[in-house]
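Asker: Have a look at this one.
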Amino acid sequence: MSKKGLLLVVIAVLIALVGVFAVSAQDAVEVELGEITQRVIDRGELICGVNQALEGFGLVNDAGEFEGFDVDFCRAVAAAILGDANAVSYRPLTGTERQAAIQSGEIDMMSRNTTYTLSRDVTWGAIFGPTTFYDGQGIGTWAELGVSSAMELDGASICVQAGTTTELNIADFITANGLDISVQTYPDGPSTWEAFVSGACEAWTTDKSGIASYHATSEDPGALVILPETLSKEPLGPLSPGGDEQFAEIIRWTVYGLITAEEEGITSENIESFMDSEDPNIGRLLGLGENVSGAYLGLANDFMVTVISQVGNYGEIYERSLAPLGLTRAGTVNASYLDGGLIYAPPFR
Ligand SMILES: N[C@@H](CCC(=O)N[C@@H](CS)C(=O)NCC(=O)O)C(=O)O
């Protein structure tokens with residue numbers, strides 16, 4: 001090889017090496033998008049299964065738009081993948097429709113006051129995301145009956161929705177306590193509530209958050225009480241169809257990102273002031289500079305900036321939808337772990 005040729009080879013090698021070392025930490029993360037993620041991108045819309053009749057969690061408002069705590073997690077995932085929290089098509093689902101909807105793949109994800117249980121995890125073939133609300137089953141009744149414990153409902157009847165964990169738990173509770181309570185089942189939330197209000201049963205049972213929601217929006221909230229017993233654990237959160245772990249990771253880390261934002265005090269209002277933060281934890285969460293964040297998920301590296309700006313952090317989501325129902329966080333398991341609760345995100349690194 002001539003001297004000139006050798007020089008050219010050396011230059012070419014040097015350029016290649018500079019290229020390699022100039023690759024940012026973000027580019028170095030290679031992620032193959034899952035089938036659902038790709039479908040959402042191609043469609044330009046996320047299809048999310050929700051409740052349409054549960055004030056605070058999932059409801060169609062007077063303007064015909066879906067809103068609520070569960071709905072906001074659909075919006076957050078759409079913002080994460082598509083950069084637009086409004087790019088969601090909602091599919092209202094009753095309790096009994098949920099299994100088929102997640103198994104058939106007609107929805108990309110579900111965020112609908114759905115309890116994570118062993119049998120659902122296995123037989124629905126779904127991937128459950130992080131718990132967004134720690135609930136428990138309760139019993140609602142009329143204050144004028146003067147009942148102060150579920151044990152005093154012996155001989156009464158109770159209205160319950162079919163196809164729910166609620167239906168199974170009330171049967172266990174009655175058997176375990178040797179009570180004589182007749183259980184009346186109804187196909188969905190509104191019909192269960194209306195049956196109770198019209199006098200078909202002396203009491204009704206569902207998740208305590210659901211009871212709080214119906215009672216708060218009833219004609220006379222003061223006429224109703226929630227009995228002290230908590231019959232079960234009902235960890236509620238989003239889920240997605242099995243087979244696409246990459247999409248499930250996006251849901252998981254979007255929820256964790258919302259929780260981390262609350263822990264760091266980053267809100268939709270003040271996020272701009274964090275864009276030049278030197279705090280490494282904040283840098284990683286927001287994907288600032290060379291920090292890797294969304295790149296791990298095949299998303300825009302600063303995806304959490306978009307999510308927080310458009311939807312708010314976990315605390316903002318909670319306050320917006322659940323605080324008006326009287327579901328305060330302080331002193332409950334739904335408080336941040338910094339305040340002694342269970343809302344806790346693993347490290348964003
Ligand atoms: N968390 C329980 C119960 C969920 C549930 O279906 N709750 C009722 C009452 S709060 C509801 O959302 N009903 C509305 C409907 O099915 O249309 C489960 O996952 O089975």
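Readers should treat all values here as calculations from the given coordinates under stated rules, not as data from a laboratory. Just so we're clear, the structure is a prediction, and the values are computed from it rather than from any experiment. We place every Cβ from the backbone using ideal geometry, glycine too, and count neighbours over all the protein chains shown.
Asker: With the dipole of the chain worked out from charges on the C-beta (+1 for Lys and Arg, -1 for Asp and Glu) around the Cα centre, which of T175, S157, T96 lies farthest toward the positive end?
Answerer: T96
Asker: While we're looking at this one, here's another question. How high is the relative contact order of the range 137-232, in percent, counting Cα pairs under 8 Å that sit 6 or more residues apart?
Answerer: RCO, the range 137-232: 49 percent.
Asker: Packing-wise, with mean Cβ within 10 Å as the measure, how do 209-218, 84-93 rank, highest first? Present the calculation step by step, with values, prior to reporting the outcome.
Answerer: Working: 209-218: 21.5, 84-93: 17.4.
So the peptides 209-218, 84-93, ranked by packing, come out 209-218, 84-93.
Asker: Summarise the long-distance tail of P(r) for the range 137-232 by giving the % of C-alpha pairs beyond 20 Å.
Answerer: Result for the distance tail: 24 percent.
Asker: Could you tally the net charge around L342, taking each other residue with its Cβ under 15 Å from the Cβ of L342, Lys/Arg +1 and Asp/Glu -1? Before the final figure, lay out each step's value.
Answerer: Working: positive: K233, R329; negative: D135, E234, E262, E263, D339.
Result for the local shell: -3.
Asker: Using the Kyte-Doolittle scale, which helices in the chain average at least -1.0 and also have C-alpha atoms spread 15 Å or more along the helix axis, with helices defined as whole DSSP H runs?
Answerer: Values: long enough: 3-22 (28 Å, 2.43); 69-82 (20 Å, 1.46); 165-176 (16 Å, 0.55); 245-264 (27 Å, -0.08).
Those that clear 15 Å and a mean of -1.0 are 3-22, 69-82, 165-176, 245-264.
Asker: Here's another thing I want to ask about it. Measuring from label point to label point, each 7 Å out along Cα→Cβ, what is the A216 to S309 span in nm?
Answerer: 3.0 nm
Asker: With r defined as the distance between the Cβ atoms of D84 and W142 and R0 fixed at 45 Å, what FRET efficiency is calculated, to the nearest 0.05?
Answerer: 0.50
Asker: Sum up the charges of everything whose Cβ sits under 15 Å from the Cβ of S232, counting Lys and Arg as +1 and Asp and Glu as -1, but leave S232 out. Present the calculation step by step, with values, prior to reporting the outcome.
Answerer: Numbers: positive: R120, K208, K233; negative: D135, E167, D172, D207, E229, E234.
Surrounding charge for S232 is -3.
Asker: Ok, one more. Sequence-distant or interchain residues sharing an amide H contact under 5 Å with V183, placed H: which?
Answerer: For V183, whose amide H was placed from the backbone, the distant partners under 5 Å are I158.
Asker: To continue, here is another question. What length, rounded to one decimal in nm, is gained on full extension from V122 through to R349, with 0.36 nm per residue of separation minus their alpha-carbon distance?
Answerer: Taking 0.36 nm per residue and subtracting the Cα distance, the gain is 78.8 nm.
Asker: Which whole-number percent is the relative contact order of the chain (Cα, under 8 Å, 6+ apart)?
Answerer: The normalised contact order for the chain reaches 22 percent.
Asker: Shape verdict for the range 237-349, please, from the Cα gyration tensor: rounded (a/c under 1.5), prolate (a/b greater than b/c) or oblate.
Answerer: Working: a/c = 1.84, a/b = 1.23, b/c = 1.49.
In terms of gyration-tensor shape, oblate.
Asker: Residue separation times 0.36 nm, minus the C-alpha to C-alpha distance between D276 and S104: what's the value? Display every interim value, and only then the final one.
Answerer: Working: separation 172, 0.36 × 172 = 61.92 nm, distance 4.46 nm.
Once the chain is fully extended between D276 and S104, it gains 57.5 nm.
Asker: How much of the calculated P(r) for the chain lies past 29 Å, in percent of all Cα pairs?
Answerer: 46 percent
Asker: Further, regarding this structure: Per 0.36 nm of contour for each residue apart, how much would the distance between R91 and D180 grow if the chain were fully extended, relative to their Cα-Cα spacing?
Answerer: 28.2 nm
Asker: Looking only at the chain, where both bridge partners belong to it, what percent of the DSSP beta bridges are antiparallel (to the nearest 5)?
Answerer: 55 percent
Asker: 5 Å is the cut-off here: which amide hydrogens, built 1.01 Å from N in the peptide plane, fall below it relative to G136, excluding neighbours closer than 5 in sequence?
Answerer: K208, S209, E234
Asker: Here is a follow-up. For D27, project a label point 7 Å along Cα to C-beta. Then give me every residue of the range 289-332 with its amide nitrogen under 20 Å of that point.
Answerer: Within reach of a label on D27, which here means backbone N under 20 Å from a point 7 Å along Cα→Cβ, the range 289-332 contributes 289-303.
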